[in-house]
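The values are calculated or read from the model by the stated rules, or taken from the named source; none is laboratory data. Keep in mind that what you see is a predicted model, and the values were worked out from it rather than measured. So basically every Cβ, Gly included, is an ideal-geometry build from the backbone, and we count neighbours across all protein chains shown.
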Amino acid sequence: MPTPSFFQRHKVLIIILIIVAILAIWAVSKFNLFVRQGEGITAQWSQVENQYQRRFDLIPNIVETVKGVAKQEKDVFGAIADARTRYTGATTPDEKAKAAGQVESALGRLLVIAENYPVLQSSQAYRDLIVSLEGTENRISVERMKYNDLVRTLNTEIKSFPTSILASIFRVAERTYFEVKEEVKTVPKVDFNN
């Protein structure tokens with residue numbers, strides 16, 4: 001009777017090693033995917049912040065233009081300054097998103113006020129600033145959408161089985177979507193009769 005070969009003697013061990021190797025390769029590839037997705041989300045958030053910075057650079061010019069005509073609207077100007085300060089002091093994307101919502105709310109009130117001043121509406125400088133702001137708002141919307149798409153991809157991967165097991169092992173956490181706050185969704189009302 002011939003002696004069994006090495007493979008025949010250790011067939012079970014070799015099969016187990018192959019399975020372990022395949023699982024290890026799969027786990028490493030998923031870990032690298034999590035890293036790439038996380039970096040993509042971080043990079044996309046930077047794009048959102050770039051557009052916020054553009055907005056914040058425009059707002060003081062709009063405020064100064066409106067101030068020249070609407071001196072009595074100090075509470076709106078204070079709200080804008082306060083919201084910009086909160087945004088600057090925010091450290092996480094969630095805090096920055098909340099502060100950005102406050103900026104949007106105050107900016108909406110400012111634009112409603114500006115509509116009540118025909119002299120301001122006829123100013124070329126004001127119109128140019130508003131056109132720039134509209135373009136920036138569109139860019140912000142696009143960058144937020146891209147951010148949310150990347151978050152959705154990562155969160156779906158994290159929640160799907162069997163990658164959910166690896167995500168918990170690697171401590172990959174879900175990311176938060178950028179959502180527009182309820183108070184920003186409503187059109188601001190400014191009453192000059194009070």
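Per-structure values
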| read-out | value |
| --- | --- |
| Breaking point among (1) under 14 Å from the mean Cα position of the chain (by Cα); (2) aromatic (Phe, Trp, Tyr); (3) modelled with pLDDT of 85 or more, for PHE178 | (3) |
| Only one of GLU95, GLU137, GLU143 that is within 20 Å of the chain's Cα centre (by Cα) and under 15 Å from ILE41 (Cβ atoms) | GLU143 |
| Enumerated helices (runs of 4 or more DSSP H) restricted to region 1-90, each holding at least 2 residues that are modelled with pLDDT under 75 and under 17 Å from LEU133 (Cα atoms) | 11-69 |
| Residue match in region 21-32 (condition: touching a residue at least 60 places away in the same chain (Cβ under 8 Å), under 27 Å from PHE170 (Cα atoms) and basic (Lys, Arg)) | yes |
| Qualifying residues in region 124-148 (those that are surrounded by 13 or more Cβ atoms within 10 Å (Cβ to Cβ) and of a type in the set (Asp, Glu)) - the one farthest from ILE59 (Cα to Cα) | GLU143 |
| Cβ pairs under 7 Å, 6+ apart, first in region 95-113 and closer than 17 Å to GLU64 by Cβ, second assigned to a helix (DSSP H, G or I) and of a type in the set (Lys, Arg) | VAL103/ARG84 |
